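The values are calculated or read from the model by the stated rules, or taken from the named source; none is laboratory data. Computed from a predicted model, the values in this text were never measured in an experiment. Cβ placement follows ideal geometry from the backbone for every residue including glycine, while neighbour counts extend to all protein chains displayed. Accessible surface is based on the protein model in full, side chains and every heavy atom, while ligands, DNA and RNA are left aside. Shrake-Rupley method; radii C 1.70, N 1.55, O 1.52, S 1.80 Å.
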Amino acid sequence: GLAQTVAVSAAGDAAAMSQWLPAAPPPPSSVHVAEASTWQRLPPLMRAVAQQPHLPNGGQQLTDFLVNSVVARNLSNPFVTLNETATEWVNKTQSGFQNVSNLTSGSDMIKAMRVRLNGNGDTLALATSVIFSSTSCIGCFVAFRLLRNLYPMLYAEHGPEQRTVQTITESEVTDMAGLEAWMLLSFQTTAMRLMFFLGILVVFLCPFHWYSNSQAQDVMTRLSFSGAEESLSVVWAHVGATYYVVFVTVRVLVNAKAVFAKRRHDWLQHMPAPRATTVLVQGIPIQYRNDEALRAYFASLLSEQAIVRAYVVRKTTLLESKLKQLERVQLAAATTEAQLQQTTVRGSVIRQDSSTRRQAVEIEELEVAAERARLMLAVNTYDADVCSSSGFVTFATRMEARRALHDQFRVDEEELIFQEAPEPSDVIFRNLMSDRSYSTEAVGWICIIGLFLAWIPLVVFTTGVVSLDSLQWLFPSIAEWRGEMPVIDAVVNGVFAAMALAALMGVLPSFFLVIIRKFFRPVCAAWSQLFLEKLYFVFQLVFVLLVTALGQGLISTLVWLAEYPTAVLPLLARTLPAASHFYSSYMVLGWFSSCAELMRASTLAKYLGYTAFMDAEEAAAKSERDSDLTGQRYGKSAMMLVIGLVFSSLSPVILIFGFIYFATCRVMYGYLLNFAEPRRADVGGEFWVQAVKQVHAGLVLYVLLMLGILSAHGAGPLILALPTLPVALHAWYQFDRRYLWRSLPLESVAEADEMAAEGVLEDSKADPLAFTQPECSAEEGHLGLRRLTAAAA
């Protein structure tokens with residue numbers, strides 16, 4: 001940039017300034033003889049600037065830059081030919097390949113993650129994975145059939161038996177489980193469609209690979225891209241494959257986005273009140289932290305008829321603790337009453353105990369009533385210990401709510417922050433009781449980073465336990481057949497490694513959820529799942545897909561890339577293809593993990609534990625808490641699709657396994673969402689949008705990988721494939737901008753208000769107190785005052 005700016009300015013001023021500039025200063029002594037001609041071609045002003053004595057090192061750094069600059073060497077022709085630029089870039093990448101060899105020589109992280117690199121025995125390892133996953137899926141299905149008969153409340157809660165996953169319609173899924181559930185199924189369908197269209201690469205590329213790798217003994221090796229030793233015909237075939245993958249993927253995703261936008265608009269237009277007309281307000285100033293004051297403020301800005309209700313969230317920590325104590329006392333009293341009815345021994349003692357517990361219940365009820373009354377009175381006095389800075393404002397129409405969302409009411413952006421209201425049943429009022437704490441969120445990010453850094457030691461310990469070496473320590477007889485059958489030994493170790501990695505990734509979301517709920521305080525459970533989906537995808541991207549590229553470790557690789565930034569593409573090109581067969585086995589083992597969700601193991605364990613001291617219906621309701629897997633399912637599905645895209649050219653057979661994986665997920669999720677699991681909070685496809693963006697990022701990663709591979713074969717293939725990068729980047733950038741999906745267009749909002757006025761949307765049946773803390777409603781506050789008055793009398 002500096003050279004180009006100086007050159008442009010010098011072009012017009014060289015003649016006027018020649019009277020005081022040296023006519024043709026000799027090149028500095030640092031300039032090589034072969035570069036002297038380049039120095040003489042520089043304009044006089046540029047040469048003079050480079051030799052000013054006050055510059056650092058006597059202008060040495062600027063001189064070297066000007067002489068070696070592509071722009072400076074081609075000032076006679078400002079538009080440098082693409083071939084010269086690409087050739088120079090390829091020469092840099094060749095040195096980058098040498099630097100990559102130094103980085104990946106140890107590959108400590110690859111060994112820690114137990115990732116098997118390509119080699120002999122990969123076909124047998126893949127066949128073992130297919131057999132294991134297939135038989136495990138059959139076993140899961142048989143166990144599911146048994147469990148569904150034993151515990152229908154957990155496995156067949158919704159719908160008659162005659163409805164199946166194949167026959168259920170979109171409208172039925174949306175009514176029963178919400179639009180987000182249907183979009184999860186739609187994502188699996190889109191992934192299946194993409195795997196099917198890209199499956200032509202199996203027919204197109206595998207014959208090239210087969211004949212090019214005729215010296216290889218392993219079948220998987222012959223069907224895959226082997227690297228720099230490939231013939232030129234295979235390289236040009238991969239150039240065409242890169243174009244095909246990019247354009248097919250972009251087309252499929254754009255079509256899916258168009259369909260989603262229509263569904264989203266229909267969902268928003270038919271969203272019931274009061275959610276459709278309510279906004280969440282945070283950062284309420286102190287003078288408006290009262291229901292009536294907040295309502296009067298908005299009524300003065302808009303109109304009296306525009307505001308239906310305003311509610312400020314109360315700080316009810318003490319009330320919640322008293323309610324929990326009351327619940328415990330009531331449970332103890334009920335247990336004593338049951339014992340009194342069932343026993344005849346020591347009846348007087350049990351009757352006395354029962355009377356004591358009933359008195360304790362009455363005392364706790366009075367304390368709860370007193371606390372409710374105190375909260376109601378404290379709100380009227382703007383008590384800062386009771387009134388929080390968050391609340392909900394319900395408007396009369398959707399148009400007024402939209403206006404509030406898009407307008408700024410205060411000069412300070414931290415005051416009166418508006419967001420779309422979540423489902424009333426999904427609101428976590430406890431997290432709205434306190435102001436946002438940036439220090440607490442910083443601690444949360446530190447915990448997340450710490451989990452990233454501590455993951456490798458955790459994996460080393462876990463995978464070491466499930467390895468054949470550990471089993472041999474327990475069962476020494478294993479050593480005999482391990483020595484006799486080294487191929488089987490390698491295969492079993494490879495399967496164990498993939499299983500251990502998949503199992504750890506399945507437990508990881510629980511750690512993330514603890515951090516999210518503790519430090520980031522989401523206002524609803526759905527938002528915590530959205531955050532989880534982002535973290536889970538990034539974690540899988542680093543520790544599953546890019547584990548071979550990280551070589552010596554996450555920190556070491558980042559430091560190395562800062563020192564050699566030009567070696568990013570050679571790093572991908574040298575490391576990712578070396579483990580393409582492992583990811584085929586990883587995809588196959590995903591069949592088993594998706595079928596295992598039918599078992600609902602964690603929910604079943606909690607249900608069996610709760611039934612020991614409560615009835616089956618209450619135990620089933622409690623066991624469903626914290627059983628939402630939406631974020632985990634979207635994150636895993638997006639990662640699997642990205643894996644299929646990245647290795648679609650290098651190992652095309654992965655597309656077959658990917659199609660089977662997504663077909664399995666479509667059936668499993670279709671049953672669980674519609675017939676077994678309770679309805680989750682519906683955010684209208686935000687998970688789907690986030691997952692598709694991640695697939696776009698995976699497409700860019702695929703293009704970078706292919707450019708790095710092609711650059712090792714000269715400038716020609718690189719130049720021809722280079723246009724796919726801006727295409728992928730443009731599709732990623734335009735995804736959020738081509739279709740308006742987050743909110744309704746203005747004309748659609750007006751139509752929704754007209755339908756509500758005509759009674760089509762049945763807004764009159766909406767509960768005006770939906771966005772109210774259930775433990776401190778106004779009715780219960782007045783009831784508490786009456787109970788205290790009666791008790792005092």
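Structure values in brief
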read-out	value
Accessible surface, per residue, of region 198-252 when the full set of protein chains is kept, probe 1.4 Å, Å²	47
Straight-distance crosslink candidates among lysines, where the alpha carbon sits under 27 Å from LYS262 and sequence neighbours closer than 8 are dropped	LYS534, LYS636, LYS693, LYS765
Stokes-Einstein D in µm²/s, Kirkwood radius over Cα pairs - region 625-702 at 25 °C with 0.890 mPa s viscosity	178
Segment ASN149-LEU725, extension gain: residue separation times 0.36 nm, minus the distance between their alpha carbons	202.0 nm
Stretch gain in nm, segment ASP383-SER355, where the contour uses 0.36 nm per residue and the Cα spacing is subtracted	6.2 nm
LEU318/GLN734 FRET efficiency (R0 51 Å; Cβ-Cβ; nearest 0.05)	0.50
Modelled FRET efficiency - R0 25 Å, ALA127 with CYS206, Cβ distances, 0.05 increments	0.90
Packing rank of 644-650, 702-708, 509-515, 438-444, where each peptide gets the mean count of other beta carbons within 10 Å, highest leading	644-650, 702-708, 509-515, 438-444
Global form of region 354-414, assessed from the alpha-carbon gyration tensor, a/c cut-off 1.5	prolate
Accessible surface, 1.4 Å probe, highest first, among residues LYS257, LYS534	LYS534, LYS257
Region 170-259: GluC sites (Glu not before Pro) in DSSP coil with no more than 15 other Cβ atoms inside 10 Å	GLU229
Accessible surface of region 678-745 [probe 1.4 Å, protein heavy atoms]: carbon and sulfur percent	64
Sequence of ASP218, ASP628 when ordered by accessible area, the most exposed leading, probe 1.4 angstrom	ASP628, ASP218
Relative packing of 709-718, 200-209, which averages over residues the other C-beta atoms within 10 Å, highest first	709-718, 200-209
Region 351-457 - accessible surface per residue (Å², probe 1.4 Å)	54
Alpha-carbon gyration tensor eigenvalues x 5, square-rooted, for region 583-660, Å	37, 11, 7
Approximate spin-label separation ALA338-ALA299, in nm, with each point projected 7 Å along Cα-to-Cβ	5.1
Portion, in percent, of the accessible area of region 286-428 that falls on carbon or sulfur, probe 1.4 Å	50
Euclidean distance between Cα centres, region 415-444 to region 612-669, Å	29
For VAL538, net neighbour charge (Lys/Arg +1, Asp/Glu -1) across residues whose Cβ lies under 15 Å away	+2
Accessible-area order (highest first, 1.4 angstrom probe) of the listed residues ILE643, ILE456, ILE555	ILE555, ILE456, ILE643
Cα shape, region 247-343, gyration tensor, a/c 1.5 rule	oblate
Value of D in µm² per second that Stokes-Einstein yields for region 511-651, Kirkwood Rh from Cα pairs, at 37 °C (0.692 mPa s)	183
Alpha-carbon centroid distance for the pair region 222-267 / region 302-325, whole angstrom	51
Nearest-10 value in Å² for the accessible area of PHE409, using the 1.4 Å probe	40
Region 364-460: C-alpha gyration tensor shape, a/c 1.5 cut-off, then a/b vs b/c	oblate
Residues ALA621 and PHE197, FRET efficiency given R0 of 56 Å [Cβ-Cβ distance, rounded to 0.05]	0.80
Accessible area of SER389 in the full protein assembly, 1.4 Å probe (Å², nearest 10)	10
Surrounding net charge for GLN188, when Lys and Arg each add one and Asp and Glu each subtract one, Cβ distance under 12 Å	+4
